[in-house]
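Novice: Sending over a structure as structure tokens; questions will come in a sec.
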Amino acid sequence: MSTVRTTTHRAVWDELVAGLPVGLLLQDVTGAVLAGNRLAASLMGVPSSALPGFQQPQARDTSGAPLPSCAELVSQVLRTGAPQTVPMVLPHARVWAEYHPLELRGQVLVVLRPVQDDVPHSARLLDGLTGLPARELLLDRLDQALTRARTHGTLASLVLADVHRLAAVNREHGFRRGDELLTVIAGRLREGLRADYTVARYGGDEFAVVAEHPNGSGEAVAARVRELAGRAVRIAGVRVRPGVRVCWVTSDGNAPVHSVLAHVEERLRH
């Protein structure tokens, strides 16, 4: 009798989940899909039967820049234990992906909301680990800065800082120590730069700063970012120098956001 009741409850639950107006995915630490509903499959562009084991393809943010891999996003959410909302462009849809950690299971529940839906004002635009603006809020601030530069005849600079020793810290001391390193650097940038600058977490090991100024270039801002982020940090009783690479680009506002990002990312890579 209990078996019949359990089977009935499971069927009712499956029917309710299947009919929800949002996509639901259950993913493991590798980013592989364990289960999902019909809308999630549709947003992913695959049949529902293909969801188990499905690996989400490379997604991009609304500027066209590639996002961290699904496995990296899942890993970050599980490490911090905090939900995170990421706007992303999939091959078949534009969505808000809300990652919710299921720490005891080592899994993440992902809620996918098509962008044409009303997004609650409470959507998380802050990075769960550092408390800094996340990528989407950074892009909005950069777009506003470029608009003001174009309108008022001023300049806007974007600085990217890559903490390229983060992988070594994670490997030698564990991910929690790596998160501690990022948190310390975030605090130094927030406190050491002007209050009217936007300091954001751009990616897993990258920070970004948007600065507006009447003339000159972003060189002085970049030098300050390099000095602040490059200071030694004591991790697990050991002094570690993060080894920060910094690049910048300055615009009069006539270049679109995507071009500014692409230019500074290219400089950072080379």
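Novice: How high is the FRET efficiency between Q58 and R190 when r is their beta carbon distance and R₀ equals 30 Å, given to the nearest 0.05?
Specialist: On the way: r = 31 Å, r/R0 = 1.02.
My answer for the efficiency is 0.45.
Novice: Where the centroid of each part is defined by its Cα atoms, how far is region 201-270 from region 18-36 in Å?
Specialist: Using only Cα atoms, the two centres lie 35 Å from each other.
Novice: Give me the 1.4 Å probe accessible area per residue for the chain, excluding ligands and nucleic acids, in Å².
Specialist: On the way: 13590 Å² over 270 residues.
Accessible area per residue: 50 Å².
Novice: Calculate, for T154 and H258, the FRET efficiency according to 1/(1 + (r/R0)^6) with r their C-beta to C-beta distance and R0 25 Å; round to the nearest 0.05.
Specialist: In this case the efficiency is close to 0.75.
Novice: Using amide H atoms built 1.01 Å from N in the peptide plane, name the residues 5+ places from D205, or on other chains, whose amide H lies under 5 Å from its own.
Specialist: Amide H neighbours of D205, under 5 Å, 5+ apart: none.
Novice: Between (i) 1.03; (ii) 1.06; (iii) 0.98, which entry matches Rg/Rh (Cα atoms, Kirkwood Rh) as derived from the coordinates of this structure?
Specialist: (i)
Novice: Using all C-alpha to C-alpha distances in region 158-231, build P(r) with 5 Å bins and read off the rounded percent in each one.
Specialist: 3, 16, 28, 23, 14, 8, 5, 2, 1
Novice: Sticking with this structure for a sec: Pop out the carbon and sulfur fraction of the accessible area of the chain as a percent, whole number, probe 1.4 Å. Let's see the in-between values first.
Specialist: Details: 7240 of 13590 Å².
The C+S portion of the solvent-accessible surface of the chain is 53 percent.
Novice: Starting from the Cα-Cα distance between S42 and A220, subtract it from 0.36 nm times their residue separation and give me the gain in nm to one decimal. Mind dumping the intermediate values first?
Specialist: Numbers: separation 178, 0.36 × 178 = 64.08 nm, distance 4.80 nm.
Separation in residues times 0.36 nm, less the Cα-Cα distance, equals 59.3 nm.
Novice: Is the C-alpha gyration tensor of region 30-187 telling us rounded, prolate or oblate? Criteria: a/c under 1.5 is rounded; beyond that, a/b larger than b/c is prolate, otherwise oblate.
Specialist: Details: a/c = 2.09, a/b = 1.19, b/c = 1.76.
Note, shape of region 30-187 comes out oblate.
The values are calculated or read from the model by the stated rules, or taken from the named source; none is laboratory data. Since the model is a prediction, treat every value here as computed from it, not as a measurement. Here Cβ is always computed from backbone atoms with ideal geometry, including for glycine, and neighbour counts include all displayed protein chains. Just the protein is used for accessible areas: all its heavy atoms, side chains included, with ligands, DNA and RNA removed. Shrake-Rupley method; radii C 1.70, N 1.55, O 1.52, S 1.80 Å.
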